[in-house]
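> This structure is in C-alpha cells; I'll ask about it shortly.
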Amino acid sequence: MTTHYLVLSALLFAIGGVGVLVRRNAIVVFMCVELMLNACNLAFVTFARQNGSLDGQVIAFFVMIVAAAEVVIGLAIIVTIFRTRRSASVDDASLLKH
Amino acid sequence: MEAAEIASITQHSGGAIGAAWLMIALPLVGAAVLLLGGRRTDKFGHLLGVLMAVASFVVAALAFVQLLGFAPGERRRGVSLFEFIPGLVDKVGLLVDPLSISFCLLITGVGSLIHVYSIGYMAHDPNRRRFFAYLNLFVAAMLLLVLADNYLALFVGWEGVGLASYLLIGFWQHKPSAATAAKKAFIVNRVGDVGLLIAMFTIFATFHSLTFSGVLDRAGDASQGTLTAIGLLLLVGACGKSAQLPLQSWLLDAMEGPTPVSALIHAATMVTAGVYLIVRSGPIFEGTGTAQLVVTIVGVATLLAGAIIGTAKDDIKKALAGSTMSQIGYMVLAAGVGPAGYAFAIAHLITHGFFKADMFLGAGSVMHAMNDEVDMRKYGGLRKVMPITFATFLVGYLAIIGFPLLSGYFTKDGIIETAMEHSAVLGWLAVLGAGITGFYMSRLVFMTFFGKKRWDAKAHPHESPAVMTVPLLLLSIGSIALGAYLILGNRFMIFLSPAVGAPEHLPEFHPFSAPGLATLALVAIGAAFAWLRYGAAEVPATAPRGSFLTTFARRDLYGDALNEALFMRPGQWLTRLAVFFDNRGVDGLVNGLAASIGGSSGRLRRVQTGFVRSYALSIFVGAAVLVGAWFVVGNL
Amino acid sequence: MPWLSTLMGVSVLGALGVTLIRNDKLAKQFTLLVSLIVLALTVTMAVQFSPNGDQWQFQENHSWIPAFGVNYSLAVDGIALVLILLSVILVPIVVLASWHDAEKGKRSVRTYFSLILVLEAMMIGVFAATDVFLFYVFFEAMLIPMYFMIGSYGGPQRAYASVKFLLYSLFGGLLMLVAVIALYSIAGKNTFMLSDLIGTIQDVNTQKWLFLGFFVAFAIKAPLWPFHTWLPDAAAQAPAGAAVLLVGVLDKVGTFGMMRFCLQLFPDAAAYFTPLVIVLAVIGVIYGAIVAIGQTDMMRLIAYTSVSHFGLITLGVFAMTKGNPGAQDAGTGATLYMVNHGFSTGALFLIVGFLIYRRGSKFIPDYGGVQKVAPILAGTFLVAGLSSLSLPGLSTFVSEFMVLAGAYRLHVPATVIATMGVILAAIYILWMYQRTMNGPTAESVKTLPDLNAREKWVVAPLVALLLVFGFYPKPLLDVINPAVKDTLSSVSVTADQAAAAPGVKEGK
Amino acid sequence: MGESITFWVLAVVSVAAALGLVFSRRAVYSALMLGLIMISLAVLYAVQDAPFLAAVQIIVYTGAVMMLFLFVLMLVGVDSGDSLVETIRGQRFWAIVAGIGFAVLLGLGVGNAMLAAPKGLAEATAAGNVPSLAEQIFTRHVFAFEVTSALLITAALGAMVLAHRERAEAKPTQKDMSRARFVAFGKTGKNPASLPGPGTYARHNAIDMPALLPDGTVSPLSVNRVLARHEAAEGTLDPEVARLLRQEAASEREASTLAEQVADTKPTKPLEEPFEETVGDTEPLVEEDVK
C-alpha cells in the first residue's frame, strides 16, 4: 500500500516541478514549490509508516516549519519586486545573464 | 738534412719565449686603454698604439733570437698559460716555434710600420684613437691566432681578427657602403668559421684533444675518411678567412676600409691565416690525398680568378685586392702540395706581406695626395710629383711580377716549380697566372704613375710626409732582399722544418729552368701588352664598355651576382616566409584556437538566458537524469 | 644557517618593505639595497659551496603537508647554484636599469619594484626546490609577479601579451601538475622528494607519458619551437627590465627543469624522445634565427634570438642522454649557456631598452647612425650583440662550443645544422647593428644623449662578466662539472663511459 | 479497504488539483487548487498514522500559508490573468518531458522496489502519536528544533525588513492634498472638485455610461478609465465617448507638461509631484487602447 503513496508523491512532485518551469507568475511558481514540498512530506510520512519509525514524521514536521519560513520570505521578496517593477513575472528578472 | 719529422714540443718558461704572452697582452692592453679611456686618450692614443705594436715586435724579435739559440730539434717551445675549459682544452698555452715566430715577426714588424704610417694617414680623422685601438686589437688577435697551441685558442684569435676586420672595414661607419662591406666580410667569414667549428668538433670527437700536439702527432691514427672530412672542413675555414673561391666575395668590398687596414689586414696578415691553418694542420692534409687535391685546385682557381679580376678593375685598391686573392691562391696551392710546398708558401706569404703592404700603402699615399680618389683613370703621371711613393711602389711592383732577383721572383718561382713537380697542369696554370699578374700589375703602375695627367681640377697631388714614406722605404727594402735571403740555400725551409717537416729532398734553386723562363717570358709579354694599352696609348677617362670578358672580370666573375641569386634572394624570401609563417601559422594556430574557444564560449553563453526558469529547467533535467542514472546503475 | 630560506626571506621582506615606502625615489633605493644585500648573501653562500663535496648542499627540510608527503625542502647543487647566482646578479642590475621604467605604468612605481623582489624570491625558490611539489608551486607562483609586471607596466599591447604569457604558462603548468600527481601516485612512496623519486618509475610507457607532461611545460617555458610564440609578444611588450628577468631567468627554468626532472626522473623516456626533441631544438635554432632576421621590432628580434639560443641549450640538455660520450661537455655547456645567455641577452635587452627610452620607438627603421652621437651606447650594444652571436672571447662562445662539441659526438647531422645558426646569428645581429648604429645619422636621433652614469653602471658589470668568463670560465665550470656528473649518473651515463674513446681506429 | 477508498479518491482529487494548479490561468484558482491539495494530503497523513501532522498541515498550510498566498495575490492584483504564452523557446516542451520522465522514473523505481509490508507505527507510537512525536522532537531533535525557532524569528524579521518602505518625505495630509489640487487648478485649470458620477439614463449597470453635462454633452471624466479600456478592447465603447476621452487625454497631457514646467520653476512644491505623476502614468494606456 505504501508504494501507492510513494508513486502519488512522485507524481505530485513532478507536476509541481513542471509548474515551476512553465509558469511565469512568481506567486504561482511559489505555489508549485509548495506543492513539491508537500509531495516530499507525503513521502516522508509514508516512509515513517513503512519503517515503523517516527523519524519521517519529525522530518516532515521540520519541513513544514522551514516551508512556512520560506513562504514568508519568498512572498515578501515578491511583494518588494512587484512594488518596484509592477510585475510578478519571473522572466522580468533576467539580470543573471549579465 | 734529415729533419723531415716534426719536432716534439718542449715546455718552456724563461726569457722572451716564456714571456711570449706579452706579445699578445701588450697590444691588447693598448686597445683596452684606448677604448675604455675614451676621448681622454685622444692626444696620445696613436702614440700608445704604435708603442704597443713596437713593443710587441721587440718581444717577438727577442723570442726569435732566443729560439735561434736552441738546436733545430728543440725549437718548438710550449708556454703554458692558464686552465681554460676542463675536459675540452684543459690548459691554454702558446706555441713558439719557427712557424709561429715567423708570423709573429711579420705581424709585429709590418704591423708596426703600418701603425707608424697610419699616424700620418689618419692624421685628420677625428676618430684616430679608435682606429689605433682597433689596430692594436687586431695585432693581439692575430698573434693569438698564430701563437695558440690548440685549435680552440686559434679559433678565438681567428674570430678576433674577424672582429677587428669588421670594425676596421666599417671604420667609416657613416658610409652605408662601408657598413655593408664590414657586415658582409663578417658574415662570409662566419661561413668559413662554421667549417672550422665543425672541423674542431670532428677533431675532438676523433682525437679527444684540441691541442696541436695531441692531434697532429696522432693524425695517422685516424681513418682516411675522417682525415679527409677534417681537411675539407679546415679548408672551408681557410677559404673564408683567406678569400679563396668560393668565399672570396668579401675581400673586394673590404677595400671600403681605410687603406692601412687594407695593407695590414687584407693583404699582409689576416687573409693569410688560412694558409697558416693549412700549413699548421699539415699532418692532417698529408694523410689524405683528396683534401690536398682540393686544396691545390682551390688555390689555382683562386689564383686565376683573382688575377682576372685584377685586370679589369679601375679602382686601385680593388685591383690590388684582386692581386691579393691571386697571390694567396699561390700560397694555398703551395700549401696543398705538402711539405715540399710549405716553406715556399710561408716564404711567399712573408715576402708578399712586405711588397703588398708596400704597394697598398703606396696606393694609400697616392689616394691621400689625390683627395681620396681611387679611380686610376683619374691618375696618371704621378711619378714626377710623388717620387718616393713611385720608387717604393715600383719596387713592390717588380717584386710581385717576379722580376729577377727581387723577393717575389724567388718565392713565386719556388711555388711554381713545386707545383710543376706535383702536377704539370697545376704548374702551367700557375705560370699562366704569373703572366696575367705581369699584365694587370703593369697596367696599374702605368695608369697611375705614367702617361698624361688625368686629375680632377681640385686635385693637388703632393708627396706624403715622412711618417708615411719611411715605412714605405723600409717595406721596399724587405721587398727587395727578403726573398733571396729566405730561399737561397733553402735557409727558410731548414728553419721551418722542425715545425712543419720537410720534404725528403731539399729542392735546388734552378734560375733557368723551363717553367722559370716561361714565367719570365709570359710576365714580359703581359707587361709589354699593358704598356701598349695603358702606357703608350691614351687612357680614356671613363671606362670603355669592353668585351664580355671585361665585364665578367669587372663584376668579380659574377661572384656577387651568384651569391645574390643563390643565397641572398632566397634568403630574404625565406625570411619573409618564416616571419609570415610565424605570425600567421604558428601564432595564428594558437590565436585561432583561442578565438574558436572564445567563439564557442560566446555561443555557449547564450544558454545563460538569465531566465530563472531556464536554470530551473536544467536543474530539473539534471535531477531527472540523475534519477535515471541511479535507476540504470542500480539495476545493473 | 638556512641560507636559501634567508635569501628568499630577505627578498620577500624587502618586497613588503618597499610597499610601505610612499616616496618613489626612496622605494627604488631601498629595492636596490635589498637586492644588493641578497647578492652579497648569495656570494657569501657560494663561497662556502664546495664543488667537490656533496651533490646537495645547504639542505633545508621541513615537513609542509604531511598528509601528502610534501616537504619544504631546499638545496642546491652546482647547476642550481650558478642559476641562483645569475638571478641575484641580474636583479640589482635590472633594478638600476628600470629606474624610470615604471613611471608610465598603470600601478605605482613602488609596486613594480616590490614585484621585482617577489620575483627574485620565487626565482631562488624554483632553482633551489628539491621537492617536486614545491618546485611546481614556485614554477606557477613565479608567473604572478611577471604577469603584473608585463600587464601593468608594459607597452601598448600589454594586455594581449600578458594574458598570452599567462595562458601558455598555465597550460604547461597544468599538464605538469597532472604529471606531478601521477608521478606521486604511481611511485607510491608518499613523497615528492626528487631524490626519493629518481629511479622509481621503471615502466617505460609510464615514463613516456609522465615525461611528456613535464616536457611540454618546460618546452613552453623554455620556449622550444613550436611553443615559442608567446615569448616575442611578452618580451616586446614587457618593460626592458622585466624582459631581462623573463628571458634571462624565468625561461631558464624550462631548460633547467628538463635537465633536472625530465632527464633524471624518466631516463628511458628521455632517451626515447631524444631524436624528436633534438629535431625540435635544431628547428628552433634555425627557425628562430631566420625569423629574427626578418623582424623590424628590436625587442621582438632579441626575443627570437633567444628562441634560437634556447634551441641550442635544449640540444645540449638532450645530448646528455644515454650513450653519448660527449654528455658531460654538452651538459656542462648547456648549464653554462643558461648563465651566459642570461647575461648576454640581459645586456642586449637593457641596452636596447635604453635606446628605446631615448627615441621612443622600437622599430629599427626609426634609427640610423646612432654610433656617431652615442658611441658608448653603440659600443656596448655591439659587445652585447657579439656575445649573442657567440664571438670567441665572450663567455657565450665557451658554452656554445661545449654544447655543440658535446652534441656532435652522438648527433652529427643535427649538430652540423645547428652550427649553421652561427652564420644566421651574425646576420641578425650585425644587420640590426648596421641599420640602427651605422650609416648616416638619422634626423630624429641627432640629439640622442649617450649613456649616463647610471646606465653605464648597469652595462659595465654585464660586459665585464661576459669578458671575464669568456677567457676564464673555469670558476663556473668547476662548480657545474661535478653537478652535471651527478646528474648524469642518474641518467646512467657514467663519466668513465664518457671518457671512453670510440672514435679513433686502432692502427691504420 | 477503507484506506484504499480514501487513498484512491484523494489521489485522483489531488492529482487533478495539481494539474489545475499548474494549468489554470488565474492565480486565484491556482491558490484554491493548492488549498484543495493540502487538505487532501492532510487527510492522507491522518490515514497514515500521522494525526499530528495532519492537524499541523491544516493549521499551518491551509490556515496560514494559503492565507498569505491569497493576501499577496490580492495585493499584487487579481484582475489580470496570467498569459500562458511561452516566451522561452523549448522551455515548455522540455519541462514537460523532464516532468514526465522524472515521474515515470521515480514511479518505476518506487514501484519496482521490493518493499516489505509496512511495519506500521503502532510500536513507535505506543504512547500515542503526539506524545511520541513530542518526545522525539524535544529529545533527539531538540537542537534542530531550537534552530528552527531562530529560523522563524529571522524569517519574520526578514519579511518585515523586505516589506518595509522607508518614507522619503512627510506623509501628505488632507490639507496638503487640497492645497495641491487648487494650486493645480490655478496653473492649469484642472478641476479641483471630485469627478462627476456616471450613470445618467443608464439602462443597466451604468458604471460604464458617461454622465451628461448640463448642456447635454458627454462628460468623459465620469467614465472609469479601466472600464473604458475594457470596452475599447471589446469594441463596445461608444465612439463619441472615445473621441471625448482622447480629447481629454490630450488636454491632460498638456496639463502635465505645464505642470512639469511649473515644477521646474518652483521646485519648492514637492506635493504637486505625485499628483501629476499619476495622471501622466495612466494616460498613454488609455490612448493606445482606444486606438
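> Could you work out how far apart the two model spin labels at B:GLU564 and D:ILE100 are, taking each label as a point 7 Å from the Cα in the direction of the beta carbon, and quote it in nm?
Roughly 8.2 nm, to one decimal.
> Still on this structure, I have one more. What is the distance in Å between the Cα centres of segment C:27-53 and segment C:93-130?
Measuring centre to centre over Cα atoms gives 16 Å.
> What share of all Cα pairs of chain A, in percent, falls into each consecutive 5 Å distance bin?
Whole-percent P(r) values from 0 Å outward: 3, 13, 18, 19, 17, 12, 8, 6, 4, 1, 0.
> If you don't mind, another one. Give me the dipole magnitude in Debye, nearest 20, for segment B:118-194 about the Cα centre, with unit charges on the beta carbon: positive for Lys and Arg, negative for Asp and Glu.
Computed about the Cα centre, the dipole is about 360 debye.
> Using a ≥ b ≥ c from the Cα gyration tensor of segment C:79-215 (square roots of the eigenvalues), is it rounded, prolate or oblate, where a/c under 1.5 gives rounded and otherwise the larger of a/b and b/c decides, a/b for prolate?
Working: a/c = 3.31, a/b = 1.94, b/c = 1.70.
Because a/c hits 1.5 or more and a/b exceeds b/c, segment C:79-215 counts as prolate.
> With θ set to phi - 60°, apply the Karplus curve 6.51 cos²θ - 1.76 cosθ + 1.60 along segment C:47-56 and write out the HN-Hα couplings as whole Hz, x wherever there is a Gly or Pro.
5, 7, 6, 9, x, 9, x, 4, 4, 9
> Taking only Cα atoms, what is the 0 to 90° angle, nearest 10, from helix B:491-500's long axis to the longest principal axis of chain B?
20 degrees
> What average number of partner chain Cβ atoms lie no more than 10 Å from the Cβ of the residues making up C:222-230? It would help to have the intermediate numbers written out before the result.
Details: counts 0, 0, 0, 2, 6, 2, 3, 9, 2.
So the per-residue partner count for this stretch is 3.
> Further, regarding this structure: With 21 Å as the cut-off, how large is the P(r) tail for segment B:261-403, expressed as percent of Cα-Cα pairs?
Looking at segment B:261-403, the distances longer than 21 Å represent 44 percent of pairs.
> Pop a pseudo-label 7 angstrom from the Cα along the beta-carbon direction at both D:ASN191 and D:LEU157 and give the gap in nm to one decimal.
Between D:ASN191 and D:LEU157, the simple spin-label model gives 5.3 nm.
> Between B:THR10 and residues 5 or more places away or on another chain, which pairs have amide H atoms under 5 Å apart, with H built 1.01 Å from N, and which residues are they?
Counting only residues 5 or more places away or on other chains, the set is B:ARG76, B:ARG77, B:GLY78.
> Could you compute how fast segment C:348-491 diffuses translationally, taking Rh as the Kirkwood radius over C-alpha pairs and applying Stokes-Einstein at 20 °C with viscosity 1.002 mPa s? Give it in µm² per second.
125 µm²/s
> Right, next: Go through B:LYS184/C:LYS362; B:LYS43/B:LYS458; B:LYS183/B:LYS453; B:LYS241/C:LYS485; B:LYS183/C:LYS164 and tell me which ones have a Cα-Cα distance over 28 Å in this structure.
B:LYS43/B:LYS458; B:LYS183/B:LYS453; B:LYS241/C:LYS485; B:LYS183/C:LYS164
> Using θ = phi - 60° and the Karplus curve 6.51 cos²θ - 1.76 cosθ + 1.60, what whole-Hz ³J(HN,Hα) does each residue of segment C:465-474 get, with Gly and Pro shown as x?
4, 4, 6, 4, 6, x, 9, 9, x, 4
> While we're looking at this one, here's another question. Mind computing the radius of gyration and Dmax over the alpha-carbon atoms of segment B:339-460? Å is fine for both.
Gyration radius and largest Cα-Cα distance of segment B:339-460: 16.6, 55 Å.
> Ok, one more. Taking the convex hull of the alpha carbon atoms in segment D:1-78, what volume per residue do you get, in Å³?
Spread over its residues, the Cα hull of segment D:1-78 gives 61 Å³ apiece.
> Only Lys, Arg, Asp and Glu count, each charged at its Cβ (+1, +1, -1, -1), so figure out the dipole size of the protein assembly as shown about its Cα centre, rounded to 20 debye.
3260 debye
> Pick out, from B:ALA268, B:ALA31, B:TYR342, the residue whose Cα sits farthest towards the positive end of the charge dipole of chain B, with +1 on the Cβ of Lys and Arg and -1 on the Cβ of Asp and Glu.
About the Cα centre, the residue reaching furthest to the positive side is B:ALA31.
> Tell me, in nm to one decimal, what length is gained between B:ASN371 and B:PHE82 on full extension, where the rule is 0.36 nm per residue of separation less the Cα-Cα distance? Kindly include the intermediate steps, with their values, before the conclusion.
Values: separation 289, 0.36 × 289 = 104.04 nm, distance 4.90 nm.
Additional length available on full extension: 99.1 nm.
> How much FRET efficiency would the formula 1/(1 + (r/R0)^6) give for B:ILE525 and B:VAL65, where r is the Cβ-Cβ distance and R0 is 51 Å, rounded to 0.05?
After rounding, the FRET efficiency stands at 0.70.
> Taking H as built 1.01 Å from N, whose amide H comes closer than 5 Å to the amide H of A:SER89, not counting residues under 5 places away?
A:ALA26
> Could you let me know the centre-to-centre spacing of segment B:522-552 and segment B:410-459, using Cα atoms, in angstrom?
So the two Cα centres are separated by 13 Å.
> Taking the Cβ-Cβ separation of C:ASP450 and C:LEU26 as r and a Förster radius of 30 Å, what is the calculated FRET efficiency to the nearest 0.05? Intermediate values should be presented prior to the final figure.
Details: r = 28 Å, r/R0 = 0.94.
With R0 = 30 Å, the Cβ-Cβ based efficiency is 0.60.
> Something else: Taking Cα centroids, how far is segment C:467-493 from segment B:214-242 in Å?
Value for the Cα centre distance between the two parts: 29 Å.
> When you take every Cα atom in segment B:439-593, what is the radius of gyration, and what is Dmax, the widest Cα pair distance, in Å?
Calculated on Cα positions, Rg and Dmax stand at 27.2, 82 Å.
> Now a separate question. Using only the Cα atoms, what convex hull volume per residue in Å³ does segment B:288-344 have?
For segment B:288-344, the hull spanned by Cα atoms encloses 54 Å³ per residue.
> Which residues among segment D:44-60 fall inside the zone where the amide N is under 20 Å from a point 7 Å beyond the Cα of D:VAL12, along Cα→Cβ?
Flagged as within label range: D:44-45, D:47.
> Binning every alpha carbon pair distance of segment B:210-327 at 10 Å from zero, what are the percents per bin?
14, 41, 26, 15, 3, 0
> How would segment D:1-136 be classified by its alpha-carbon gyration tensor: rounded, prolate or oblate, with rounded meaning a/c under 1.5 and the a/b versus b/c comparison settling the rest?
oblate
> Restricting attention to the alpha-carbon atoms of the protein assembly as shown, what are Rg (one decimal) and Dmax (integer), both in Å?
Spelled out, the Cα radius of gyration and Dmax of the protein assembly as shown are 48.4, 157 Å.
> Turning to a different aspect of this structure: Farthest toward the dipole's positive end in segment A:3-85, which of A:THR46, A:LEU8, A:ALA60, given Cβ charges of +1 (Lys, Arg) and -1 (Asp, Glu) about the Cα centre?
Result: A:LEU8.
> Moving to a separate point now. Which of the lysines could a cross-linker span from C:LYS372 if the Cα-Cα distance has to be under 16 Å and same-chain partners fewer than 8 positions apart are dropped?
Output for C:LYS372: B:LYS175, C:LYS446.
> May I ask you to evaluate 6.51 cos²θ - 1.76 cosθ + 1.60, the Karplus curve with θ = phi - 60°, for each residue of segment D:61-67 and list the ³J(HN,Hα) values in order in whole Hz, giving x for glycine and proline?
My calculation for segment D:61-67 gives 6, 5, x, 8, 4, 4, 4 Hz in order.
> Projected onto the charge dipole of segment B:92-251 (+1 at Lys/Arg Cβ, -1 at Asp/Glu Cβ, origin at the Cα centre), which of B:GLY195, B:ILE101, B:ALA133 gives the Cα projection farthest towards the positive end?
B:ALA133
> Once fully extended, how much extra length lies between B:THR551 and B:GLN11, figured as 0.36 nm per residue of separation less the alpha-carbon to alpha-carbon distance?
188.8 nm
> Check B:LYS91: other-chain or 5+ apart residues with amide H under 5 Å from its amide H, H built from backbone geometry?
Residues meeting the amide H criterion: B:PHE84.
> Then there's this: Once you have the Kirkwood Rh of chain C from its Cα pairs, apply Stokes-Einstein at 20 °C and 1.002 mPa s and quote D in µm²/s.
95 µm²/s
> Can you quote the Å³ per residue value for the convex hull of the Cα atoms in chain B, rounded to an integer?
Numbers: hull volume 155.9 nm³, N = 636.
Considering the Cα atoms of chain B, their hull volume per residue is 245 Å³.
Values in this text are rule-based calculations from the coordinates and carry no lab data. Note that the structure is predicted; figures quoted are calculated from it, not measured. Note that each Cβ is placed from the backbone with ideal geometry, even for glycine, and that neighbours are counted across all protein chains shown.
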